[in-house]
Amino acid sequence: MALEVKDIIKPENLVYAKTKLLTERMLHYCPGCTHGVVNKLIAEVIDELNIQEDTIGVTPVGCSVLLYNYIEIDWHEAAHGRAPAVGTGIKRLRPEKYVFTYQGDGDLAAIGTAETIHACNRGENMLMVFINNGIYGMTGGQMAPTTLEGMKASTCPFGRDVEHDGNPLNMTSIVATLPGTCYVTRQAAHTAPAVRKLKKALRKAFENQKDKKGTSFIEVVATCSSGWKMNPVQSNKWMEANMFPIYPLGDIKDV
Amino acid sequence: MNEEIIIAGFGGQGVLSMGKILAYSGVMQGMEVSWMPSYGPEMRGGTANVTVILSDSRISSPILRKYDTAIILNQQSMDKFEQTVKPGGLLVYDGNGITRHPERDDINIYRVDAAEEASKMQSAKTFNMIVLGGYLKINPVVTMENVMNGLKKSLPDRHHHLLPLNEAAIKRGTEIVQEIATV
Amino acid sequence: MSELRLMKGNEAIAEAAIRYGVDGYFGYPITPQSEVMETLMDLRPWESTGMVVLQAESEIASINMMYGGAGCGKKVMTSSSSPGISLMQEGLSYLAGAELPCVVVNVVRGGPGLGTIQPAQSDYAQAVNGGGHGDYNLIVLAPSSVQEMADFVELAFELAFKYRNPAMILSDGMIGQMMEKVELKPQKTRMSNEEIAEKYPWATTGKPSSRERNIITSVELDPYAFERFNNKVQAKYKQMHKEDVRFEQFQCEDAEYLLVAYGSSARICQKSVQLLREKGIKAGLLRPITLFPFPGVELEKLAGQVKGMLAVELSAGQLVRDVRLAVNGKVPVEHFGRMGGVIHSPEEVVEALEKNFLKG
């Protein structure tokens, strides 16, 4: 006898449920995008730490601009690159709240470089999540500060020429040198073990705020299947082969 | 009563603080006051000037072209402001470093050799208070009591031990001011 | 208890901010307004009222720190001078787009470019037209005395919160640097986080189970929805023109010629009116206190009475455009003003009025 769907969907058969703090909104991200996984992990950590009422998130300009639609917390949508300054304002005036910013590579490492470095240097007691996929996704695949040498994008269609465009900028290594940061790590979200590690890092970063340790900075090396013009599986393979050597995973600083 | 004063000299001579003490004295006397400095690079040396207005009624423009009184502390300021004194007005100056003395014959001119006196008192910083004393002797727009109250308000608490020295300097100014010409 | 002090306009802003119960100040040094932050740092309000004072890495950062703080329902302010205010325009557009109250002080200096550090009124057009991208306006107050520098901190916050819109105190190097007698108001208590959550239900105070999540944002992907938003914002500006126009008249009752000037220039023009009257010329002065909303209705009324109007401003002619719009050709409107940090004297204004209306 064939098993019917209605026979399968039963509470006793539940093996996985949507995170409570995720809203019912359908994600606008492309298939295979890393954002969705990271968004979910943040929601899980906030839920598990039971800090929904005490968390304020700051969204950027870029693909994750609409992140505020997906997690059931209070949100502040910042101008392009300004999330660390907005986060600073929130945290300074509500120091008992958990504050995190969520930015892409264009937002954090190009237009918002000054805000990023100075927030880290002041040791703002908040978490900065940095999604690095080496490309501008939202605007249609232009070169990012983190685009790899030789990597193609719509504004470097023949590949990034470091003579002309400069070298990929490694913001995570830069902020690790600043005394204000307490925890700087580079993670990924392309495999189950990577997801588990990233979640652990996120949890630690939120806990650091409780202990007033300074700025926690988590880079997530990510894919952009649409921008890279590959399918998700190819994207992950390409990331492992090309991104990881330049942006190696692991903790850079943990004080 | 409406007294419009320009105080001008080198940065570092205490031009701005003399103006502030005068203005604060006016406040203590219940007057309307304004203190408008020339600001900017002048603050770091070079010439400095401040317009102080003391009045019984609401003050309109804090920036003026003509003054009732000019207090002049160097040659550049003499050149710039001698002609801005209203006819019948007052010019008080320190003779130190002045190579061209005032030439107007339609204003009252007084001289107070404050730089010389300050070095006699072995306190260069009392210079501006000696000048102030000289001016107040000729034109007592505020009472000495209110000047002391104004001085107390202008100086931070940590400098209040200097009040007697400043009082002595003001008094000395009233004694050494000399008439050059009057109309 | 209120207190009488002699202080600079910039110092008065700082003192008044603390006493009014401002929650946060974020700034970056620039002449001629640096005394604002210097005074705050010296007074250490974080020890008395709990006010946060932070020196940011740029004006871009300070306005965005304010953006974050304003989103929390806090009373936040910054101050700067012309070049720094230009850098803040992006942030101001976002603040207006997110309908957040805040107060920005512009102690104007001569432009364009790095310009001079001397007083000017050449940022008028930027201030009254919003300044950044998009259809929005700031509430713009123009103090013309040190007392008003102090008083307008409170007024600016009251209006900013009434309309959930950024407010600007448009001052200049003259009002910022001059000292006058100021009566400082007694210390008020800052609003508690609980009071804020109750009074400003839109603020990002942390989402309790009792309400939907609050989102501070200025983005809307649906143009029709965003047009509706724009209409709502424009309605606020209409309401401001009905309810919150402020101005001062000086000897206007029998005036045949009207000077129109704000801020420092209005102070100079008061003296000019006096000088003109001594010459037998019946002059008056209308001083707009709110530059946005502009007292256009009042000017239109006076257009039926006077033979000519002279807009006097430390600029090439920015206020004069609003005056002309208000009187709509009913009476000749001329302009006089010095530029680049040069301040006109009361006598020059007299000469300009005579030249424009009484000679030839």
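Quick one: which residues, 5+ away or cross-chain, put their amide H under 5 Å from the amide H of C:ASP172? H built at 1.01 Å from N.
For C:ASP172, whose amide H was placed from the backbone, the distant partners under 5 Å are C:VAL108.
Hey, what do the phi angles of segment A:74-84 turn into as Karplus ³J(HN,Hα) couplings, whole Hz, using 6.51/-1.76/1.60 and θ = phi - 60°, x for Gly and Pro?
Going residue by residue, I get 6, 10, 10, 8, 8, 6, 4, x, 9, 3, x Hz, with x marking Gly and Pro.
Running a GNM on chain A with Cα contacts under 10 Å, which residue among A:PRO193, A:PRO95, A:PRO145 ends up with the highest mean-square fluctuation?
A:PRO193
Arrange the following residues from fewest to most other Cβ atoms within 10 Å of their Cβ: C:SER144, C:SER265, C:SER210. All intermediate terms of the calculation are to be shown ahead of the outcome.
Working: C:SER144 24, C:SER265 33, C:SER210 6.
Lowest count first: C:SER210, C:SER144, C:SER265.
Which longest uninterrupted range of chain A lacks any trypsin sites (Lys or Arg not before Pro) assigned by DSSP to a loop state (not H, G, I, E or B) and surrounded by at most 12 other Cβ atoms within 10 Å? The partial results should precede the final answer.
Details: sites that count: A:LYS18, A:LYS20, A:ARG25, A:LYS212, A:LYS229.
For trypsin sites (Lys or Arg not before Pro) (loop position, at most 12 other Cβ atoms within 10 Å), the longest site-free span of chain A is A:26-211.
Filter the chymotrypsin sites (Phe, Trp or Tyr not before Pro) in segment A:88-185 down to the DSSP loop ones having no more than 14 other Cβ atoms within 10 Å, then list what survives. List each step's numbers first, then the result.
Details: sites: A:TYR98, A:PHE100, A:TYR102, A:PHE130, A:TYR136, A:PHE158, A:TYR183; in loops: A:PHE158.
Within segment A:88-185, the qualifying chymotrypsin sites (Phe, Trp or Tyr not before Pro) (loop, at most 14 other Cβ atoms within 10 Å) are A:PHE158.
Relative contact order for segment A:29-254 using alpha-carbon pairs under 8 Å, separation at least 6, rounded to a whole percent? Can you show the working numbers first?
Values: 470 pairs, mean separation 46.7, N = 226.
Here the relative contact order equals 21 percent.
Can you give me the long-range amide H partners of A:ASN132? Hydrogens built in the peptide plane at 1.01 Å from N, cutoff under 5 Å, separation of 5 or more residues or another chain.
Result for A:ASN132 returns A:VAL220, A:VAL221, A:ALA222.
What are the ³J(HN,Hα) values, in whole Hz, obtained from phi via the Karplus relation 6.51 cos²θ - 1.76 cosθ + 1.60 with θ = phi - 60°, for each residue of segment C:15-24 in sequence order, with x given for Gly and Pro?
Residue by residue, segment C:15-24 yields 4, 5, 4, 5, 5, 6, x, 5, 8, x Hz.
Express in whole angstrom the spacing between the alpha-carbon centres of segment C:226-269 and segment B:11-87.
33
Given segment C:245-306, what whole percent of its Cα pairs are spread farther than 15 Å?
Numbers: 838 of 1891 pairs.
So the portion of pairs separated by more than 15 Å is 44 percent.
Short version: ³J(HN,Hα) in whole Hz for each residue of segment A:125-131, in order, from phi by Karplus 6.51 cos²θ - 1.76 cosθ + 1.60 (θ = phi - 60°), x for Gly and Pro, what are they?
7, 8, 9, 10, 9, 10, 8
Out of every Cα-Cα pair in segment C:3-193, what percent are more than 28 Å apart?
Counting every Cα pair in segment C:3-193, those more than 28 Å apart make up 14 percent.
Over chain C, what is the relative contact order in percent, taking alpha-carbon pairs closer than 8 angstrom and at least six residues apart? Walk me through the intermediate numbers first.
Values: 797 pairs, mean separation 65.8, N = 360.
Dividing the mean separation by the residue count of chain C yields 18 percent.
Which of the GluC sites (Glu not before Pro) across segment A:17-74 are loop residues per DSSP, with 11 or fewer other Cβ within 10 Å? Write down the numbers at each step before the final one.
Values: sites: A:GLU24, A:GLU44, A:GLU48, A:GLU53, A:GLU72; in loops: A:GLU24, A:GLU72.
Here the sparse-neighbourhood loop sites are A:GLU24.
Along the charge dipole of segment C:68-206, which of C:ILE117, C:GLY68, C:LEU138 sits closest to the positive end, that is, farthest toward it, with unit charges on the beta carbon of Lys, Arg, Asp and Glu (+1, +1, -1, -1)?
Going by the charge dipole, the pick is C:GLY68.
How far is the Cα center of segment A:194-255 from the Cα center of segment C:170-189, in Å?
Between the Cα centre of segment A:194-255 and that of segment C:170-189, the gap is 51 Å.
So who's got an amide H within less than 5 Å of the one on C:LEU6, skipping anything under 5 residues away but keeping other chains? H placed 1.01 Å off N, in plane.
C:VAL182
Using DSSP to call loops (not H, G, I, E or B), can you name the trypsin sites (Lys or Arg not before Pro) in segment B:68-105 whose Cβ has at most 13 other Cβ atoms within 10 angstrom? Let's see the in-between values first.
Details: sites: B:LYS80, B:ARG100, B:ARG104; in loops: B:ARG100, B:ARG104.
Those that pass, being in a loop and sparsely packed, are B:ARG100.
Please give the per residue volume of the convex hull enclosing the alpha carbon atoms of the protein assembly as shown, rounded to a whole number of Å³.
207
Given R₀ = 56 Å, FRET efficiency for B:SER123-C:GLU347 by Cβ-Cβ distance, to 0.05?
Values: r = 41 Å, r/R0 = 0.73.
The formula returns an efficiency of 0.85 here.
Which shape class applies to segment C:1-110: rounded if a/c is under 1.5, otherwise prolate when a/b exceeds b/c and oblate if not, where a ≥ b ≥ c are the square roots of the Cα gyration tensor eigenvalues?
Oblate, because a/c is 1.5 or more while a/b does not exceed b/c.
Give the Rg (one decimal place) followed by the Dmax (whole number) of segment A:163-203, computed from C-alpha coordinates and expressed in Å.
My reading of the Cα-based Rg and Dmax gives 13.8, 40 Å.
Which whole-number percent is the relative contact order of chain B (Cα, under 8 Å, 6+ apart)?
On the way: 388 pairs, mean separation 43.4, N = 183.
Normalised by residue count, the contact order of chain B is 24 percent.
In deg cm²/dmol and to the nearest 500, what is the mean residue ellipticity at 222 nm of chain A if only DSSP H runs of at least 4 residues count, each as -39500 (n - 2.57), divided by the residue total?
On the way: 9 runs with 79 residues, N = 255.
Using -39500 (n - 2.57) per qualifying helix, the result is -8500 deg cm²/dmol.
Dipole magnitude of segment C:247-358 about its Cα centre, charges +1 at Lys/Arg Cβ and -1 at Asp/Glu Cβ only, in debye to the nearest 20?
100
In nm², what is the average projected area of the convex hull enclosing the Cα atoms of chain A? Write down the numbers at each step before the final one.
On the way: hull surface 60.1 nm².
The orientation-averaged projected area of the Cα hull of chain A comes to 15.0 nm².
If exposed means no more than 12 neighbouring beta carbons inside 10 Å and the site is in a DSSP loop, what's the longest run of chain C without any exposed GluC sites (Glu not before Pro)?
Working: sites that count: C:GLU212, C:GLU253.
The reported range is C:1-211.
Which one, A:ALA201, B:GLY133, C:LEU299, projects farthest toward the positive side of the charge dipole computed for the protein assembly as shown from Cβ point charges (K/R +1, D/E -1)?
Checked the options; the winner is A:ALA201.
Just to confirm my numbers, what's the Cα centroid distance between segment C:93-127 and segment A:61-99 in Å?
26
Quick one: pull the percentage of alpha-carbon pairs in chain C with a separation above 26 Å.
Counting pairs separated by more than 26 Å, the tail of P(r) holds 50 percent.
Coordinate-derived values only; no laboratory data. This one's a predicted model, so the numbers in the text were calculated from it and none came from an experiment. Using ideal geometry, Cβ is built from the backbone for each residue, glycine included, and neighbour counts are taken over all protein chains shown.
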